[in-house]
């Protein structure tokens, strides 16, 4: 008698649980997007279709300033964190295992394991001392804070790419008298490119969406788009916030889709 292959989809109630999971995940998002087109001021009562909240957000100078600030911080944080993550990934994969290797891996990924509020408070205290000593109040603190928090998010896809690469090409380059720099530049880096790009995009999205660290580190007049939206929610909730959230959601979905396409395992 032939063995029946186990399939989880045959378990009773599987379809119900799957549908309920998707409803819980995406129903709030669907409501957010729907009410961003509401003609009225309410976020709970539908009063007709309109695009004027998107127009209001587009014409809002505070939104433009916060968006520009968010993009500057996210781009800088993505570049810095990806550079550091690439060096860290090379240092932890292109050498023989040694005592303390696991500790280094844990240390690099510390922001993923520690509650974000702890990281935010620690950065606030550190940068507070630096501000008092130097008097500098610029965006550099937010860029450094976001960079530190984004390093593990960039590190994981880059390390995964390195671990999946064939070492024979690097070995062949060494046999042909290529220096370590030439091997990295002409062999490792081109093969590692998709992983680096994926890590950079993931770091960019994490930085762009961050609220907690930004709230603790920023100085006056340094609102990013997420903290601006949080401030608006504390005052008067209007569909303009829904419109901004929908635009941010669309950007995030596009970037994460590209991230998925770059990191999916090919046959």
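What follows is calculated from the coordinates using simple rules that are stated; it is not laboratory data. Computed from a prediction, not measured in an experiment: that's the story for all the values here. Backbone-built Cβ (ideal geometry, glycine too); neighbour counts: all protein chains shown.
By count of other Cβ within 10 Å, fewest leading, how are 64, 218 ordered? Please list the in-between numbers first.
Values: 64 13, 218 21.
Lowest to highest Cβ neighbour count: 64, 218.
So which residue, out of 180, 111, 190, gets the largest mean-square fluctuation from a GNM of the chain using Cα contacts under 10 Å as springs?
180
Given just the C-alpha atoms of the chain, how large is their convex hull per residue in cubic angstrom? Please list the in-between numbers first.
Values: hull volume 60.1 nm³, N = 267.
About 225 Å³ per residue, rounded to a whole number.
How far is helix 14-35 tilted, in degrees, relative to the longest principal axis of the Cα atoms in the chain, given as a value from 0 to 90 rounded to the nearest 10?
Taking the Cα atoms of the chain, the angle to 14-35 is about 60 degrees.
Can you put 65, 223, 210, 175 in order of Cβ neighbours within 10 angstrom, beginning with the fewest?
Numbers: 65 16, 223 19, 210 25, 175 8.
The most exposed by this proxy come first: 175, 65, 223, 210.
Output the 0 to 90 degree angle, nearest 10, between the alpha-carbon long axis of helix 61-93 and the longest principal axis computed from the alpha carbons of the chain.
Once rounded, one gets 20 degrees.
Can you tell me the orientation of helix 189-209 relative to the chain, as the angle in degrees between its alpha-carbon axis and the longest Cα principal axis, to the nearest 10?
30
Among 200, 178, 250, determine the one that fluctuates most according to a GNM of the chain built with springs between C-alpha atoms less than 10 Å apart.
Of 200, 178, 250, the most mobile in the Gaussian network model is 178.
Assign one of three labels to segment 73-147, namely rounded, prolate or oblate, based on the Cα gyration tensor with a ≥ b ≥ c the square roots of its eigenvalues; rounded applies when a/c is under 1.5, prolate when it is not and a/b is larger than b/c, and oblate otherwise. Please list the in-between numbers first.
On the way: a/c = 2.48, a/b = 1.80, b/c = 1.38.
Taking the square roots of the gyration eigenvalues as a ≥ b ≥ c, segment 73-147 is prolate.
Looking only at 191, 248, 156, which one moves most when the chain is put into a Gaussian network model with springs between Cα atoms under 10 Å?
Fluctuation is largest for 191.
Please report Rg over Rh for segment 111-267, where both radii come from the alpha carbon positions and Rh follows the Kirkwood definition. Intermediate values should be presented prior to the final figure.
Working: Rg = 20.1 Å, Rh = 18.4 Å.
Computed over Cα atoms, the ratio is 1.09.
Can you put 177, 35 in order, fewest other beta carbons within 10 Å first? Walk me through the numbers on the way to the answer.
Values: 177 7, 35 21.
Lowest to highest Cβ neighbour count: 177, 35.
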